[in-house]
Amino acid sequence: MVARRHAAALRHIRQNEGAKFTPAPAAMPSSASVLPGLTIFQRGWMSSNNILLHGHGDGATLVDAGHVLHAEQTVALVRQALRGEALAGVVNTHLHSDHCGGNASLQRAFGCRITIPPGQWQAARDWDEVALSYGPTGQRCERFVPDACLHPGDGFEVGRQRWSALAAPGHDPHSLILFNAADGVVITADALWERGFGVVFPELDGVNAFDDVAAVLDLIESLGARVAVPGHGAPFEDVAGALRIARERLAAFRARPDRHARHGAKVLVKYHLMEERRQALPELLAWCAATPLFDAVWQRLGRPDGSAAAFAGVIVRELCEGGALAQADGMVRDT
Ligand SMILES: [Zn+2]
């Protein structure tokens with residue numbers, strides 16, 4: 001019965017996340033090789049990966065909760081992987097909508113405590129959608145109530161494994177990464193992926209954050225981790241190789257911040273289409289023009305193409321040419 005339910009959940013996820021989803025947890029050997037007692041749900045780009053730290057009787061902890069549109073799937077996957085164990089808590093590396101969108105559903109399903117980075121404690125308590133980025137980015141997230149903060153320098157123990165929280169500003173000023181020194185495992189969120197890192201959002205608002213990205217890459221290097229579990233994509237052992245790619249990308253963005261800004265605009269549009277699945281072109285262009293962060297990027301770039309909507313038309317065309325979106329009969333859809 002459980003297996004049948006699990007298979008149904010996986011079918012549902014594949015349908016929603018396409019080929020980007022890797023089945024979990026039983027069919028995923030990578031978790032076991034990363035660290036016993038840890039289960040990784042590798043999701044697509046719309047939902048962050050979820051990392052389940054098993055508690056061996058004391059309750060498990062889930063790191064990051066995915067997007068709200070996948071919340072039901074996240075609950076099903078976690079329930080299956082828990083095998084009757086309690087879910088004691090959820091820890092968010094940061095509060096982007098793809099990392100905490102499942103918080104509310106997980107709290108309803110398991111009664112677990114939600115722990116967040118301290119920098120957004122008040123914003124989350126007040127559900128300030130501007131400070132939390134959902135307003136400026138035009139993204140969806142279900143309101144949740146946090147229970148506690150995890151401060152940089154603090155640690156927590158799950159199943160006899162100790163995890164330390166380290167500040168990782170850059171992609172998000174409040175982000176944390178988590179390090180298990182005894183086992184050489186680092187959970188890097190969006191500070192380091194196998195091939196790059198997340199958009200440096202403060203830069204889109206004119207706040208210098210490339211230096212923070214560089215410092216966090218140095219910090220990750222100094223940890224000497226055996227394996228990294230990123231917020232998106234598969235776990236990887238070639239941390240030095242990933243750092244090299246990330247530093248090259250950072251150098252390119254520093255040299256041409258306008259390219260980073262354009263990249264940010266593309267990520268906003270692609271992400272919106274992942275939420276909507278498909279949208280009429282005029283409606284999409286109007287959404288872009290009305291989305292504060294998209295408009296801020298347009299302004300920073302010197303207001304190209306005459307209007308934010310016309311600039312959005314160019315961005316959409318480039319995304320279609322690159323295969324990230326597709327357009328037919330006046331509709332734009334996610335690919
Ligand atoms: Zn993020």
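For region 122-263, the square roots a ≥ b ≥ c of the C-alpha gyration tensor eigenvalues yield an a/c of 1.5 or more together with a/b not exceeding b/c, which makes the shape oblate.
Take every pair of alpha-carbon atoms less than 8 Å apart whose residues are at least six positions apart; their mean separation over the length of region 131-240 yields a relative contact order of 21 percent. Taking region 179-208 and a reference point 7 angstrom along Cα→Cβ of R303, no backbone N atom is nearer than 17 Å.
What's the ranking of 308-317, 242-251, 68-77 by average number of surrounding C-beta atoms within 10 Å, highest first?
On the way: 308-317: 19.2, 242-251: 16.5, 68-77: 22.5.
Packing proxy ranking, top to bottom: 68-77, 308-317, 242-251.
The amide H of T93, built 1.01 Å from its N in the peptide plane, has D64 as neighbours under 5 Å, considering only residues 5 or more places off or on other chains.
Simple spin-label estimate for Q327 and C149 gives 4.6 nm between the two label positions (7 Å along the Cα-to-Cβ direction from each Cα). Tell me the label-point distance for the pair E221, R113, using the 7 Å Cα-to-Cβ offset, in nm and rounded to one decimal. It works out to 3.7 nm between the two label points.
If packing is taken as the mean number of other Cβ atoms within 10 Å per residue, what is the order of 318-329, 255-266, 224-235, highest first?
224-235, 255-266, 318-329
Taking the Cβ-Cβ separation of N208 and I245 as r and a Förster radius of 22 Å, what is the calculated FRET efficiency to the nearest 0.05? E between N208 and I245, to the nearest 0.05, is 0.50. Relative protection proxy for 143-150, 102-109, from highest mean packing down: 102-109, 143-150 (other beta-carbon atoms within 10 angstrom). Summing Cβ point charges (Lys, Arg +1; Asp, Glu -1) relative to the Cα centre of region 161-230 gives a dipole of roughly 340 debye.
Just so you know, all these numbers are worked out from the coordinates, no wet-lab data involved. Since the structure is predicted, the reported quantities are computational estimates derived from the model, not experimental observations. Cβ sites come from the backbone with ideal geometry, for glycine too, and all protein chains shown count toward neighbours.
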